[in-house]
1. On average over all directions, what projected area in square nanometres does the chain have, based on the convex hull of its Cα atoms?
2. If you bin the C-alpha pair distances of segment 44-148 every 10 Å from 0, what whole percents do you get?
3. What is the percent of Cα-Cα separations in segment 83-200 that go past 24 Å?
4. Which of ASP85, ASP49, ASP38 moves most in a GNM of the chain, Cα contacts under 10 Å?
5. Can you list residues whose amide H is under 5 Å from VAL144's amide H, if they're 5+ apart or on another chain and H is modeled 1.01 Å from N?
6. How many nm separate the modelled label positions at GLU128 and VAL74, each set 7 Å beyond the Cα in the direction of the Cβ?
7. Given contacts defined as C-alpha pairs under 8 Å and at least six residues apart, what's the relative contact order of the chain, whole-number percent?
8. Using the Karplus equation 6.51 cos²θ - 1.76 cosθ + 1.60 (θ = phi - 60°), what ³J(HN,Hα) coupling, rounded to whole Hz, does each residue of segment 64-71 give in order, writing x for Gly and Pro?
Amino acid sequence: NTYDTDLFQPIFEHVQAALHHSAAQRAEKYVSYRVIADHSRAIAFLVGDGVLPGDAGRSYGLRMLLRRAARFGVKLGFQQPFLADTVDVVIRTMGLHYRELQERRDFILRTVSLEEERFRRTLSTGEELLQEIMARPDVAANRVVPGDEAFKLYDTYGFPLDLTRDAAKEAGFSVDERGFQEAMREQKARGRRAARFAAADNTSLQGYGDTLARL
């Protein structure tokens, strides 16, 4: 398969050496290896193309790739940020054919490092809170993470739905994604109401200021 080609094997070999895994351990953890390798390639090309991690469009896609790969790396055994190294393997492997990777190497690695370090600060908190939610009797009975709780993890702690879904699935749970979307719509509606109130309040203050100026 594709993962047996020389496009992926250098990344696998780097990860295996970094974690001191045996061939048997590498075979056993093949899903994590594949996620890290696949996402590292996508990350290298996206950042090389000028995409930065963000909250919309390709930027959001990049952020999710980075965070998902980082989480699988933690599961695999990485105690420190590692993605810049796996992305660098991609650059060395593909850089002769895609010169922009070599030319923008420093920028790519710096971007990846900053995003992974930022995410690692929230990962342990988010997963710990999710475990507490899933341990509640009402949640454990249905094995469904409530949508409003999943939204709170995202909105308050920066733990995205994609990772909540992954972690819940690993524990045999699902996520009420309809409830998550409803909670998001409600928050947006509150935001719009607050914005209208602020605009109206500002107009009133402006009128009061004009009256004082005339006096």
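Quick note: the coordinates plus some simple rules give every number you see, no bench work behind them. Being a predicted model, the structure only gives us computed values, none of them experimental. Quick reminder, even Gly has a Cβ in these numbers, built from the backbone with ideal geometry, and neighbours come from all protein chains shown.
1. So the mean shadow area of the Cα hull is 17.4 nm².
2. Per 10 Å bin, starting at 0, the Cα pair percentages come out as 14, 37, 28, 14, 7, 1.
3. 50 percent
4. ASP49
5. Excluding prolines and chain starts, which carry no amide H, the hits are SER174.
6. For the pair GLU128/VAL74, the computed spacing is 1.1 nm.
7. 14 percent
8. Karplus-based 3J(HN,Hα) across segment 64-71 equals 5, 4, 4, 5, 5, 5, 4, 5 Hz.
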